[in-house]
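Contents: one structure, followed by commentary.
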Amino acid sequence: MSEQADRLMAKRREFLKLLGMGGAAGAAALTVGGVAPSQAAPAQPETGYRETAHVRKFYETARF
Amino acid sequence: MTVASASVAEPTDRVTREIPEEELFRAQLYSLLSRLLAAAPDAALLATLGRISGDASELGQSFAALARGAAAASAADAAAEYHDLFIGIGRGELVPYGSYYLTGFLHERPLAELRDALAGLGVVRVPEVKEPEDHIAALCEVMAGLIEGAFGDPAPLTVQRRLFERHIAPWAARFFAELEAAQTAKFYRVVGRIGRLFIGIETTSFAMTASDELDRRAT
């Protein structure tokens, strides 16, 4: 990664952390008990989309 | 619908090693918002949320408020509130779809444009889901998936930014502000506040990383 990109990413990281995105009370707190990525999961493995490598499945939370 | 399998565990492990903490935090926050906006929290989720904490930032304070609200709410309260807010009789107090916010109607051009964008990202609806893709919960889930690599490799910031700026930023802040102020909202008020703050943070942090060079690297 070039210097300019590095600088941008460092600035971004600093900004996000400053605003509470991360740190001790951050990610660890939010994932307590696996709150976060539990809803999106492959409920049904294969469909007709399989033939296209680039088409992947979008799993939406079941609400209805 | 929580079917864990090896095929999803593997990328998560890989991602956890390679994605910086603050970026993963974004994914987790998108996932949390997605979950809470897709359905009311059940008792187990309320119990979990009751234990989260936050730092001194405005967002961190909102997490602490979310924890207090979760501890005070029953699953039945939350379900009734969710119903009044998003389902209602005929319609709920809020209509959480991009097309509705942008045009006043469901299923309009913004939805078609979003579908094109999602197709370009290789993301499609599972067949049994009837809900349009511009539901706020779906958009949050897609953002989380792009960050974590649920649809393949983790998406570069430029790709995330494009989806966010075209399909989320134009209306999501208004939606979350309305949720924060909704008459029937109690527990969900703070969800609205967290969403509003987060959309603001995303807007600024994407803008600060907008650069031709990063764009070139992403293509």
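So here's what we get for this one:
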quantity	calculated
Amide H contacts under 5 Å for B:GLY92, placed H, 5+ residues apart	B:ILE87
Inter-label distance, nm, simple model (7 Å from Cα along the C-beta direction), A:SER2/B:SER211	0.8
Extent along principal axes [Cα atoms of region B:15-102; Å; largest to smallest]	46, 34, 24
Gained length - B:ALA44 relative to B:GLU113, 0.36 nm times residue gap less alpha-carbon distance	21.1 nm
Per residue convex hull volume, Cα atoms of region B:80-219, in Å³	118
Among B:ALA137, B:ALA44, B:ALA150: highest mean-square fluctuation, GNM of chain B, C-alpha pairs under 10 Å	B:ALA44
Sites excluded, trypsin sites (Lys or Arg not before Pro) in DSSP loops with at most 15 other C-beta within 10 Å, longest stretch of chain B	B:52-129
Loop GluC sites (Glu not before Pro), region B:119-219, which have at most 13 other Cβ atoms in a 10 Å radius of their Cβ (DSSP)	B:GLU128
Among B:ASP55, B:ASP42, B:ASP134, residue whose mean-square fluctuation peaks in a GNM of chain B (springs only between Cα atoms under 10 Å)	B:ASP55
Test item: B:26-32 mean partner chain Cβ contacts at 10 Å	6
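No value in this document is a laboratory result; all are computed from the given coordinates. Note that this is a predicted model, so its numbers are computed, not measured. Cβ coordinates were reconstructed from backbone atoms using ideal geometry, including for glycine residues, and neighbour counts include every protein chain displayed.
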